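Visitor: Structure provided below as C-alpha cells; questions to follow.
The values are calculated or read from the model by the stated rules, or taken from the named source; none is laboratory data. None of these values were measured; they are calculated from a predicted model. Positions of Cβ are generated from backbone atoms using ideal geometry, with glycine treated the same way; all protein chains shown enter the neighbour counts. Ligands, DNA and RNA are stripped out before the accessible areas are found, and what is left, the full protein with its side chains, is counted by its heavy atoms. Shrake-Rupley method; radii C 1.70, N 1.55, O 1.52, S 1.80 Å.
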Amino acid sequence: MSKALLVSLVVLFAIFVRLYNLNQMGRTMDEDYIVEKGWKFVDMANHGDFTNPYWYSVPDHPPLANYLYGLVAERDVIGFNAQAISLDHAYQGVPIFAYNLTNSRLLSILLSSLTILLVCLLGWEYLSPFVGIAAGIILATIPFYLGLSQLVFLETTFMLFFTATVYSFLRYLTRPTVRAALVTGILFGCTLEAKQPAILLFPLLLALYILKRRLTKLPDMKPRFIHLLSIFGAAVLTYVLLWPMPWFHLPQFLEHTYKMWFTGGYGYPEVFRGKLVFTPIYYYGVYFLITIPVLLLVSFFLGVGSALLSKRWIVYALLLWFAIPFFGQSLFILRQHQLRYVVEIYAPFALIAAYGIEQTMKRFAALRGAKYLCLLLITIYMVAILWKSTPYYLDYFNELVGGTKHVYDTKSFQLGWGGQGEGAAGLYLAQHAAKGSTVGLALDTIKNIRRADGLRFAMYDNRKQYDWVVVNYYDVIRDGFNEEPVKQKYKLVDTVFADGAELVHVYKRK
C-alpha cells in the first residue's frame, strides 16, 4: 500500500477511537474555563476591543489554545448571563455553554489526530515505514493521551505544536536553510504561546543541534549560527505578535508568572503510594511506569537499548526529545495530574517503542513478517485495554500496580481528579430524581456535575438532609471526606465504575 493510504488509515483509526465514545466521560476540570476564556478573547477581537484588561489580567497560560477553542466555542453556547462578572472584574457577562462541549472537543480530536499524523510522517521519514505506522498506532491508543485528546485541555494544542517544532527542526538539521529555520521559529513561537513549559524547547533544540554536529556532518550551508538566531528570534517575535498586550503591562505579567512558577512552597499535595504527600521529584517517573500499558513499556525500553547501541543521530535525538522535557519538568515543584504536564513525551515515546519493536523483531528474521505480527498483537492488546477502560482513560493503571481496581482497593493512588464520572451521576439523577428534589454534592468541585432542570444542588452539609447525595472518590481519598455518615442515612443506588474502581456514588434518602 502507498504511504498516503497507510498513514491515512492510522489517522482515521485515531479519529474513530476518539469519536465513538465522545462526551461519555462528562465535563472535567478546566474545560469550561478554557472555553470561556477563548470565547471572550474572540468576542473582544470581533468588537475591536484590544484595551480590555482581560487580555493581560489572566496570563495563566498563554492564550493560543484559548484562541483556537474560542473560534469554535460559539457553537457550544446556549445562553448568556449579562449580569455576571468575571473573577478579575475585567469582563462583563458570562456565556453559558452546553454541558457537553462537543464542538470544542471535536477540535481537540482534530489537533490530536494531526499530532499522530506528524509522528507517523516523522517515523516514516527518518527511521522506516514500519516505525512511522507503528508509532502512530501506539500514540493513538495510549489511554491517558487518548483521554486528554477527547477533552478541552491546553495540552492537546501544546502537544501538536511541540511535536511540529521538533519535527521541523529535525528537517532543518537535514537541510539547514533560512526558510526551514524561519518555519521552525514560527512553530516554536506558537508552542511558547500554547503553554509555559515550551521554554524547554530552548535547551532541547540546542542539544539536538550539538548532537547532529557531533555525530554527522551537517550540509555545507552557512551561516548556521545565524540560522539558530533566526529560529529563536522568530519564536520570540511570533510569541509577542500573538499576544502583545502583556508587554504593555510587564510588571503585572512578570509578578503573576513568578508567583505561579517559583513560589509554590513545598509543592502540590496528592495521594501518592498510599499517603497524602507533596509530590516528590520522581513523581512523573512512577506515573510513567504505572499508567502506560506494560507491553508498550517493554517495547520502549527495548527501543532505548537499541538506540544506545545504534550510534544513529536520529534515535539519539528521540532519546533527548523524551528526556529533556521529562526531567526538566520533574524539577518544577507543582507536579500533579499524572502525566498531564509532561504530555509532550508521548510522541518520542511512541517512536522509540515502535523502533524497539522493529529492532527486536529483526532477530526473528526467519519468521517472515514477525514485526507486523507483533504490531498486530500489540494493537489488539491496546484495543482490549481501551474497551475495558472506556470512557475513563484518565484513570487507567497498568498491570504493574494490579490495574485500576487494585489501585482503588488499596487506596495507593488517587482517581477521578478531573471530575470523571460526575456527568454519568448527573444523568442518573436527571432520569430518576423527581423535580424539586434536593441534591447534596460531596465533590471536590460542584461545577463538573451534569445539572438537571428542577433539581436543587448544594454542597453537602452533614447537618442537613437531602433527597439525594453524590460523592466522588477523589473527595474521599484526596480531601478526606467521611462517607460513613452518608451510608447510614442514605441508600446507595448507583455507582459509576472505571475498570472496576468506584469513581462516584449516588445515594437516595432512606
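Visitor: Would you mind putting 498-505, 373-380 in packing order, based on average other-beta-carbon counts within 10 Å, highest first?
Guide: On the way: 498-505: 22.6, 373-380: 15.5.
The packing order, highest mean first, is 498-505, 373-380.
Visitor: Going from most exposed to least, what order do His47, His249, His337 have by accessible area with a 1.4 Å probe? Don't jump to the answer; show the numbers that get you there.
Guide: On the way: His47 135, His249 65, His337 10 Å².
Listed by decreasing accessible area, they come as His47, His249, His337.
Visitor: Using 0.36 nm per residue, how much length does the chain from Ala458 to Leu206 gain when fully extended, once their Cα-Cα distance is taken away?
Guide: Details: separation 252, 0.36 × 252 = 90.72 nm, distance 5.29 nm.
Stretched out fully, the Ala458 to Leu206 stretch lengthens by 85.4 nm.
Visitor: Straight-line reach from Lys510: which lysines have Cα under 21 Å away, leaving out those fewer than 8 places along the same chain?
Guide: Lys435, Lys464, Lys487, Lys489, Lys491
Visitor: Also, I was wondering about something else. Given the C-alpha centroids of region 344-390 and region 26-70, what is the distance between them in whole angstrom?
Guide: Their Cα centres are 40 Å away from one another.
Visitor: I need the helices of the chain that pass two filters: whole DSSP H segments spanning 18 Å or more by Cα along the axis, and mean Kyte-Doolittle score no lower than 1.0. Please report the intermediate quantities before stating the final value.
Guide: On the way: long enough: 3-19 (24 Å, 2.37); 31-46 (23 Å, -0.53); 102-126 (36 Å, 1.25); 129-141 (19 Å, 2.05); 154-174 (30 Å, 0.92); 178-194 (24 Å, 1.46); 201-215 (21 Å, 1.33); 224-242 (27 Å, 1.83); 294-310 (24 Å, 2.33); 313-330 (25 Å, 1.51); 346-361 (22 Å, 0.77); 370-389 (28 Å, 1.60).
Span-like helices in the chain: 3-19, 102-126, 129-141, 178-194, 201-215, 224-242, 294-310, 313-330, 370-389.
Visitor: If I take every Cα pair under 8 Å that is 6 or more residues apart in region 1-83, average their sequence separation and divide by the length, what percent do I get for the relative contact order?
Guide: Values: 36 pairs, mean separation 29.0, N = 83.
Answer for region 1-83 is 35 percent.
Visitor: Here's another thing I want to ask about it. Cα gyration tensor of region 61-142, axes a ≥ b ≥ c as square roots of the eigenvalues: rounded (a/c below 1.5), prolate (a/b > b/c) or oblate?
Guide: Since a/c reaches 1.5 and a/b is larger than b/c, the shape of region 61-142 is classed as prolate.
Visitor: Let me ask another. Just to confirm, what accessible area per residue do you get for the chain at 1.4 Å probe, in whole Å²?
Guide: 43 Å²
Visitor: Within the chain, which is the longest segment that contains none of the chymotrypsin sites (Phe, Trp or Tyr not before Pro) sitting in a DSSP loop with at most 16 other Cβ atoms within 10 Å?
Guide: The longest such stretch corresponds to 283-510.
Visitor: In whole percent, what relative contact order does region 431-510 give with Cα contacts below 8 Å and a gap of six or more residues?
Guide: Details: 137 pairs, mean separation 22.9, N = 80.
Across region 431-510, relative contact order equals 29 percent.
Visitor: Compute the relative contact order of the chain as a whole-number percentage, counting only Cα pairs closer than 8 Å that sit 6 or more residues apart in sequence.
Guide: 15 percent
Visitor: Could I ask something else about it? For the pair Thr102 and Thr51, what calculated FRET efficiency results from E = 1/(1 + (r/R0)^6), where r is the Cβ-Cβ distance and R0 = 41 Å, to the nearest 0.05?
Guide: The formula returns an efficiency of 0.80 here.
Visitor: Subtract the Cα-Cα distance of Gln336 and Lys259 from 0.36 nm times their separation in residues, and report this length gain in nm to one decimal.
Guide: Length gained between Gln336 and Lys259: 26.0 nm.
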